[in-house]
Every structure is written in structure tokens, then in C-alpha cells.
Amino acid sequence: MKTLLNLIWLVLAGFWLAVGYAVAGIICCVLIVTIPFGIASFRIAAYTLWPFGRTIVDKRSAGAGALIGNLIWIVVAGWWLALGHLTTGIALCLTVIGIPLGVANFKLIPVSLVPLGKDIVPSNQPFA
């Protein structure tokens, strides 16, 4: 079932959302200071391509640097990506088949706003 949902997700929403994260990652990597944002953006782009079967957990080692970085990320790119997830999620929820995909989009909004200090792990190992 995860594979079927991931394939439908990839066609309807995942590819375009991942392109948005990849563009944000490229822009962040061009500027030397924001390379950690670029790495986080590429990591989330990969997660956005194939989200079912994986989950997001907080890193225990994240500290004040992640907090400050997340505040900068929200201003620079986070709210644009969150808006993309919101509009895509609403559009997907208009169909019966798209409801699980819309809910998945809504679950991605917090990580699109604050990507630093998060880890992506398999769903069967949420505390790995």
C-alpha cells in the first residue's frame, strides 16, 4: 500500500514539491553561509519524493544553532514551501483518492517551516 501511495504522490504532488526544495537548496548552497540550510533542503526534497513509510523525528542533539537557523529559514524560504504544501494539500483533499495525500501534505508543513533539528527515519523505527 505504501508503494501505491508513494507512486500516486510522486505523480500528483511529490515531484513538484521536491523541485521547490531542490531550488531552495541550490540557492542556499550558492551562498556559503547557508550551506546547512541547503543540505536540509535536499534531505527534505528526497523525503518529499517518497514520504510514505518514513517519518520525521526531532534530533536530540539539536541546540540553539538549530533554533536560530530555523528562524532565519522561516523568513527566507520556509513560509513559501509551507504555503506550497498548504495549497497542494487543499487541492488534493478535494478528491476522495487525494485525501491521504492531502493529509501527508499537511504533515509536511511543520518540517518545511523548521527543517533544522529534524531527522527522517523509517516509520517502523521512529525512535532510531
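No lab work stands behind these numbers, since they all come straight from the coordinates. Keep in mind that this is a model prediction, so the values were computed, not measured. Neighbour counts run over all protein chains shown; Cβ positions are idealised from the backbone, glycine included.
Listing for the model above:
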| item | result |
| --- | --- |
| Criterion violated by residue 87 - all others in (1) crowded, with 19+ Cβ neighbours inside 10 Å; (2) free of Cβ contacts under 8 Å to residues at least 24 places away in the same chain satisfied | (1) |
| Top-ranked residue of the range 24-33 - restricted to ones that are closer than 15 Å to residue 81 by Cβ and of a type in the set (Val, Ile, Thr), ranked as surrounded by the most Cβ atoms within 10 Å (Cβ to Cβ) | 27 |
| Any pair with Cβ under 9 angstrom, 6 or more apart, that starts in the range 1-27 at a residue that is farther than 17 Å from residue 93 by Cα and free of Cβ contacts under 8 Å to residues at least 24 places away in the same chain and ends at one that is of a type in the set (D, E, K, R) and part of a helix (DSSP H, G or I) | 25/43 |
| Residue among 74, 56, 44 that is within 15 Å of residue 109 (Cα to Cα), assigned to a strand (DSSP E or B) and among the hydrophobic types (A, V, I, L, M, F, W, C) | 56 |
| Filtered residues of the range 47-65 (kept if in contact (Cβ under 8 Å) with a residue 40 or more places away in the chain, out of contact with any strand residue (DSSP E or B) (no Cβ under 7 Å at 6 or more places or on another chain) and closer than 18 Å to residue 24 by Cα) | 48 |
